[in-house]
Structure formats: C-alpha cells, structure tokens
Amino acid sequence: MSQAFDTLRFGARMLRKAPGATLTVLVALSFGIGLPTLMFSLVMGAIVPTLPFPNGDRIVRISRVGDAPVTTADFEYLSTRQRSFDGLGAVSSTQVTLGLEGQGAESLSGALIDPALLNLLSVNPARGRAFTAADASADAPAVVLLGHDVWQDRLAGDPDVLGRIVRVNGRETEVVGVMPEGFGFPFDDQIWLPLRVDPLRYVLARSGEQDGSIAFLVGRLREGVSRTAASEDLSALLAQVDLERGLALSTSSRAQVVAYTNIFSSEGQRFGIAGMMLGVALLVLLVACANVTNVLLARTVARSREVAIRTAMGASRPRIALQFLSEAALLALLGGAGGALLATIGTSLINDGIGSAPGAPFWIDFRVDLPVLVFVALMSGLTAVAAGLIPALQASRTDPHDLMRDGARGSSGFRMGRVMRRFVTVELALSFVLLVGAGLFIRSAANMDRTEFAFDPEQVYEARMQVSETHPTPEARAAFLVEAREALAAIPETQNVALASDVPGIGSAALVTVEVEDAAAGSESPRARRVAVTPGYFDLFRASMLAGRDFTDADRLGAPPVALVNEPFQRIHFPGGAVGRRVRVTAGTDAPTEWHTVVGVVPGLMVGGIEREVEGAVYVPIGQLVPPGVVVLARPRTEFATLPGPVRQALSRLDPDVPLMFARSLRASIDAANAQFFWVSVLFLTAGGIALFLAALGLYGVMAFWVAQRTREIGVRMALGGERRRVVGLVLRQGMTQTGWGLIAGLALAIPVARAFGSVLFGVAWYDPIVFGSILAILTVAAWLGCWIPARRATRIDPLEALAQD
C-alpha cells in the first residue's frame with residue numbers, strides 16, 4: 001500500500017512538472033467523458049426510464065396493434081380473464097376546463113381514470129382520498145382530483161381545498177384530493193376525473209369512435225411475466241372477443257404491450273435512438289483516448305532517460321508500466337470529475353429548457369445520480385486503461401542501454417512518432433464520420449425549413465378547441481361548431497375561417513382503413529388519412545378543386561354522406577375518376593361507417609406530414625363526423641398578430657367554458673412536429689465539433705513532437721543553407737500525408753454510416769457531395785493549421801542552439 005501511494009505521489013509530481021501536457025489531457029478527457037455521461041443521463045432519463053413508482057419497471061401500456069383504441073367492453077373482458085397482470089386500469093386523456101369563481105375558465109391537460117388505477121400504480125393522493133367505485137357510477141356526484149401545481153397556482157395552496165366546489169367542464173364538481181408533487185400520469189396531466197365504466201357500460205359519448213372507446217389500458221405485470229408473454233395472452237383474448245362480436249380478425253385483434261415510458265413507435269426505435277446517442281458519444285471518447293494516448297506517448301519519449309536510469313537502478317518492467325498507468329489513472333480520475341461537472345451543467349440546462357416547455361412527460365428527469373456516477377467511474381477506468389496502456393508498454397519493454405542510445409539519436413522517438421501518427425489517423429477518421437452525420441442532418445433541417453408549401457403557414461392562425469365536455473352529443477357539437485364558424489367569419493380581421501380535425505404538414509390525421517366501392521375480390525383495403533373539415537377549409541389553404549365540388553353547409557348530420565379524396569388517392573384507387581364513386585372508412589375496431597359518395601377531388605396537402613406529402617386522404621364534412629375537439633384555423637386580412645385576441649373574444653362570447661389551447665401560427669406547429677431533425681443535427685454537430693477540435697489538437701501535438709524530435713536535423717539543414725520554405729514544406733508534407741490517410745479512412749467509414757441514415761433524411765441524399773466536400777475541406781483546413789503552426793516554429797530554430805543539443 002505504501003508503494004502504491006508513493007507511485008501516485010510521484011505521478012502527481014510528474015504531472016505538475018508538465019502543466020501544458022496535463023491541461024491538454026484534462027480538456028480532452030473532460031469532453032471525452034462528459035459527452036457520454038450527458039448522453040447516458042439523457043438515455044436513462046428519457047429514452048429508457050421507468051416510472052417513479054414502486055414496481056415502475058413492471059407498469060406497461062396496452063392497446064390494440066396500430067394504437068387502435070380499446071373499448072370499455074374490451075376492458076371488462078380482459079380484466080376478468082387475463083392471467084399475466086396483477087391488475088388492469090383504464091385511461092382516457094382529455095382536455096378539461098377548470099373554472100374558478102372570479103378567475104374565469106382555463107383548459108388543462110387531464111385524464112379520465114378508472115378507480116382502480118391509482119392503487120395499481122401504488123400512488124395515493126397527498127391530500128384527501130382517491131376515487132372509489134361509487135365515484136364512477138352513472139349517477140354519482142361529480143368529483144375531481146387536482147395536481148399539486150394546479151392546487152398551488154390556481155387555488156393558491158388553499159389548505160381547505162378538500163370539499164371545495166369548482167366548475168369542471170361547466171359542471172359543479174367537488175375536489176376530493178390533491179395528488180403528490182410531480183405526479184402527472186398518464187403523461188403531463190394536471191387534473192383527473194373518474195372514468196365511468198360500470199356494468200351498464202355508461203361512458204361519455206365521443207363522436208367518431210365507437211361508444212366506450214378508451215385511449216389505452218395500463219397493467220402491472222406479474223413477477224416473472226415478460227411483455228411478450230403478456231402480449232400473447234391478451235392477443236388470444238382480443239381475438240376471442242372480436243369473434244364473439246362477429247368481427248373479422250385483423251391486425252388490430254392483437255394486443256400491443258409496451259413499456260409505459262416508451263414514447264416511441266417501437267421498442268426497436270427506442271433502443272436504436274439510445275444506441276445512436278451513446279454510440280456518437282463513445283466515438284468522441286475514442287477520439288479523446290487517442291488524443292490522450294498521443295500526449296502520454298510524447299511524455300514517454302521525453303522521459304526516456306528517466307526510464308533508463310530507473311531501469312538501470314533495478315526498477316522492474318511491471319514497476320515502470322505501473323508508474324505510467326498510475327499517471328494515466330490520475331488523469332482519468334480528474335478528467336472524470338471534469339466530465340461529471342460538464343454533464344451536470346448540461347443536464348441542468350436541459351432541465352431548465354424542459355421546465356419552460358410544456359408537454360414533457362412527467363417521468364423525465366435528467367440528473368447526474370448514482371447510476372450516472374457509476375457510468376462516469378466506468379468510463380474513467382476504461383479511459384485510463386485505453387489511454388495509458390500503450391505508453392506504459394512502450395516505456396517498460398525497451399532495454400535501458402537502447403534507451404540511453406536512443407536518447408542521443410531519437411530513434412525511439414521516431415518509432416513512437418509512427419504510433420502517434422496512427423492515432424491521429426483514427427482521430428481524423430472518427431471526426432469525419434461525426435461531421436458527415438452532422439452535415440446530413442443540418443441539410444435535412446435546412447431543407448425542411450425551406451419547404452415550399454401550397455399555402456403560407458406563417459399566415460395561418462391555428463388553435464385547438466375541445467368541445468366534447470360542454471357539448472357531449474354530436475348534435476350539440478355540430479350546432480356549436482356552426483355558430484363558432486359564423487362568429488369567427490364575422491370578425492373584421494379574418495379573411496378565411498375553417499374548422500378541422502387536423503391540419504396539413506403535421507401528419508396527425510387518423511390513419512384509417514378505407515373500403516373502396518367495386519374493389520377487386522380479395523384485394524387488401526388501403527390505408528389513408530381521414531380528416532373532418534368545414535366548408536372553406538381548402539379556400540383557406542389556397543387549394544383549388546381539381547374535380548367536383550367542395551363541401552357546403554348542407555352537408556350536415558342527416559344529409560347524404562359525402563366525401564372528398566385527394567389526388568394521390570384518386571390516382572391509385574380511382575384512375576378513371578373518383579367523383580361519383582363511394583368509400584367508407586373503418587377506424588380501429590369500429591364497424592365500418594356508411595358509404596360516402598365522393599363529390600370532389602382536392603390536391604395533396606401534405607396530410608401525412610411534410611415527409612409524406614403523397615399519402616392518400618379522405619376528407620369528410622365536420623357536420624357529418626363531429627370530432628370531440630377541433631382545430632380553429634383563420635387567415636388574417638393584414639397581419640397574423642391581429643387575430644389571436646379577436647378570435648379568443650368571439651369564442652368566449654359563445655361559450656366561456658370552451659377555451660382555446662396552443663394558439664400559434666401553423667408554421668410553428670409544423671416546426672415543432674419535425675424538431676427531431678434539429679435535435680439530431682445538434683447532437684452530431686456537438687460531437688463532431690468536439691472531435692474536430694481534439695483531432696486538430698492531436699495533429700498539432702504530433703507535429704510539434706515531430707519537430708522537437710528532429711530539432712537537431714532541422715538545425716543542420718538550416719546551418720547548411722536550407723531555406724525556410726523547404727523546412728515548412730517538409731513539416732507540412734509529413735503532416736498532410738498523415739491527414740490524407742485519415743481522410744481516406746474517414747471516407748470509408750462515413751459511407752456506410754451515411755447510407756444507414758438515408759431513410760430518415762429529408763430532401764438530401766446520403767452521398768450528398770456538398771456535405772462530403774465541405775467536411776473534407778473543413779478537416780483539411782483544420783489539419784493544415786495543426787501542421788502549419790509547428791512548421792512555423794521549426795523555421796525559428798537557431799541552428800547553433802540546435803547543434804549544441806546532445
């Protein structure tokens with residue numbers, strides 16, 4: 001133990017004697033360890049977290065395949081027959097209007113939950129009680145659970161909040177409990193109502209879905225039961241219940257069981273994103289390790305006489321190797337501390353950004369906690385071994401007599417110089433890969449930003465409006481929407497007004513199965529987007545009818561069902577013309593609706609999002625398929641800023657319990673829906689920038705080392721009349737040759753990586769010559785600077801001083 005402490009103390013003294021090299025190593029390690037640590041924190045906090053409840057890792061989300069809604073009948077059937085769960089609960093997200101005396105109404109994200117759900121989650125209200133079975137009966141008094149923030153902000157932390165009467169969706173409702181701080185189940189919700197599912201199947205009617213639709217089920221897996229086994233169990237039961245109802249079996253007859261915190265479309269996508277984030281960060285760590293190894297190799301050469309003397313005095317090779325490894329371990333320890341500090345700063349900044357942005361899942365929590373610190377320790381240990389092993393072996397395996405002779409002529413330095421140049425090749429190659437990824441995603445984000453729309457999204461006002469709670473029946477909602485559209489059209493500031501279930505450019509429209517009239521026997525029914533719109537929707541988006549007519553006010557409940565299809569749908573399914581043909585749609589497990597006669601054809605308005613602008617779409621009148629919530633759309637006569645106030649006032653006069661939500665321009669909504677390109681480009685650009693910096697620093701270090709090792713030779717050249725430009729050329733030629741090999745290796749690695757990204761890029765080919773050419777130019781310039789500075793220094797060597805060296 002005493003010898004180990006002596007080794008560490010000696011290592012610390014040696015590091016203090018070379019502050020420049022030590023600082024270079026610490027900067028490289030801090031960034032190299034800090035980025036993987038930050039990525040690990042993000043992955044653990046958002047990509048693969050568990051719910052912050054007891055047995056949170058066993059809580060799963062259950063739906064039919066394709067995210068088709070389950071029904072109350074499904075819930076009752078599965079609850080009594082399943083064998084894979086400790087219990088099931090039902091959830092249906094909704095917008096809830098909370099009205100307080102003297103404060104008006106405000107829309108909050110809320111959820112309808114069955115009374116057993118909180119017990120299933122092992123969560124109790126911080127104040128008051130949870131829902132009971134009696135609260136969910138059809139004739140029970142209205143009750144509500146409030147979130148902690150709602151209690152504090154809207155009710156000023158009223159200590160007598162229990163039993164207080166508030167208006168929820170226009171109805172007098174008693175507050176029976178306040179949930180713990182931070183609780184936002186199922187997503188980021190703030191208020192909860194009992195989901196009324198009783199043996200009579202009393203539910204809140206929701207137009208456009210089969211009565212009794214629930215967003216999804218929640219289950220807690222039994223000990224030892226996998227999600228795959230649970231999925232097979234529920235799939236068999238769903239197939240049985242569909243057969244009992246006389247429904248044909250389809251993909252939606254299977255159950256989908258996913259980890260509750262999986263916010264991605266599949267488990268593979270979730271782990272793929274996590275793998276990409278950690279993989280990118282680990283590439284930076286490899287660059288940092290190569291950089292550190294180069295610095296330590298240079299220090300090994302500089303200390304060759306010391307090693308020779310210690311070996312001659314009896315120090316064993318393992319002792320010499322241990323000394324160099326201990327110094328690497330000290331550097332890795334300090335670098336790990338620096339990396340943890342950078343990761344802490346990064347997570348703090350990200351948490352601040354998420355805190356100011358509504359909509360983040362309540363379970364997301366980025367922090368540098370014990371698992372992250374264990375990760376830091378692991379990274380530091382691996383870095384110490386990876387960066388210190390080669391210098392330690394180089395220092396310990398050479399005969400002391402050779403070392404003494406090499407000190408005179410620098411041959412060992414030349415040998416290590418070759419090793420160091422190979423590491424620079426690795427650094428340049430990895431930097432090339434990371435920067436190509438950054439370039440491709442930056443180009444994708446730029447192309448998305450420059451997308452030309454058939455409409456001007458900057459000048460389209462968009463806001464969400466939930467109407468099902470205060471107008472529960474389709475007839476009441478249809479009447480209210482007619483009044484709302486008339487009131488908005490009467491505002492002097494509006495040029496065009498429309499209401500719709502979805503908007504173009506985002507891809508949120510329901511993907512439904514469409515049955516085409518006179519389809520060939522045995523042909524598979526196509527999938528298309530379904531959008532409910534009012535008359536004037538296509539005029540607002542400057543889209544002229546390609547054939548037939550637009551919807552009119554006569555297309556309402558009770559009138560013959562009609563539909564519009566877009567040009568891609570007509571081209572594929574009605575090549576002879578769609579007008580006069582008939583379609584009907586099936587959403588999830590719903591029975592098909594009645595046949596709709598196609599009365600017109602419209603252009604493709606990017607209904608599937610700007611990445612899928614050619615998807616087929618079927619439009620139906622909003623008066624015949626009244627959704628529970630709608631998007632309010634308006635185009636101003638002059639400027640966008642003139643609309644928000646008058647629109648809010650006009651709708652508030654109609655019904656103060658129906659507030660607007662997420663009011664903004666359509667362009668802002670499109671940008672938010674496609675933000676993944678921005679974030680991935682930030683990830684690659686950050687990693688690539690760090691790697692480029694480290695690679696340039698490494699190349700500079702190698703060339704400075706090369707110049708130092710050949711000082712005597714350069715002095716002789718200068719003494720014999722060698723020109724400065726020839727000396728500069730010698731150094732540049734040496735460095736740029738190594739750069740060329742690094743760029744060739746980087747190109748070979750970048751091509752398959754770029755091809756793998758090809759399917760997720762937007763408007764840019766994986767082999768984009770602008771990206772590859774730019775990265776080649778950037779790395780070449782950075783490498784040239786890394787070589788030119790030592791080359792300039794070489795020309796300032798005094799020949800007399802160089803020749804006087806031993």
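The values are calculated or read from the model by the stated rules, or taken from the named source; none is laboratory data. Bear in mind the structure is a predicted one, so any value in this text is a computation, not a measurement. Quick reminder, even Gly has a Cβ in these numbers, built from the backbone with ideal geometry, and neighbours come from all protein chains shown. Surface accessibility is based on the protein's heavy atoms, side chains included, excluding ligands, DNA and RNA. Shrake-Rupley method; radii C 1.70, N 1.55, O 1.52, S 1.80 Å.
Points to keep in mind about this one:
- For the chain, the residue among Val607, Gly336, Phe324 whose Cα projects farthest onto the positive side of the dipole built from Cβ charges is Phe324.
- Averaging Cα coordinates gives a centre for segment 316-386 and one for segment 125-176; these two points are 44 Å apart.
- Relative contact order, whole percent, for the chain stands at 17, derived from Cα pairs under 8 Å and 6 or more residues apart.
- Calculated on C-alpha atoms, the gyration radius of segment 471-553 divided by its Kirkwood radius gives an Rg/Rh of 1.05.
- Distance between the modelled labels on Asp539 and Val225, one decimal in nanometres: 5.7 nm (7 Å Cα→Cβ projection).
- Calculated SAXS-style log₁₀ I(q)/I(0) at q = 0.11, 0.14, 0.15, 0.17 Å⁻¹ - segment 35-163, Debye, Cα scatterers: -0.57, -0.88, -0.99, -1.17
- Between helix 411-449 and the chain: long-axis angle, C-alpha atoms, 0 to 90°, nearest 10: 20 degrees
- Look at the dipole of the chain built from charges on Cβ: of Gly157, Val436, Ser63, the Cα furthest out on the positive end belongs to Val436.
- Helical contribution to [θ] at 222 nm, DSSP H n ≥ 4, -39,500 (n - 2.57), averaged over the chain, rounded to 500: -16500 deg cm²/dmol
- Divide the volume of the convex hull around the Cα atoms of segment 752-796 by the residue count and you get 71 Å³ per residue.
- A 1.4 Å probe run over the chain, with the rest of the protein chains in place, finds 44 Å² accessible per residue.
- For segment 550-686, the alpha carbon convex hull comes to 202 Å³ per residue, rounded to a whole number.
- log10 of Debye I(q)/I(0), alpha-carbon scatterers only, for the chain at 0.05, 0.07 Å⁻¹: -0.39, -0.69
- Rounded to 10°, Cα long-axis angle of helix 317-355 versus longest principal axis of the chain: 30 degrees
- Accessible surface of the chain [probe 1.4 Å, protein heavy atoms]: carbon and sulfur percent: 59 percent
- Unit charges at the beta carbon, dipole of the chain: most positive-side option, Gly89, Gly182, Ile364: Ile364
- The chain, dipole about Cα centre (Lys/Arg Cβ +1, Asp/Glu Cβ -1), debye to the nearest 20: 4980 debye
- The angle separating the long axis of helix 2-17 from the principal Cα axis of greatest extent in the chain is about 90 degrees.
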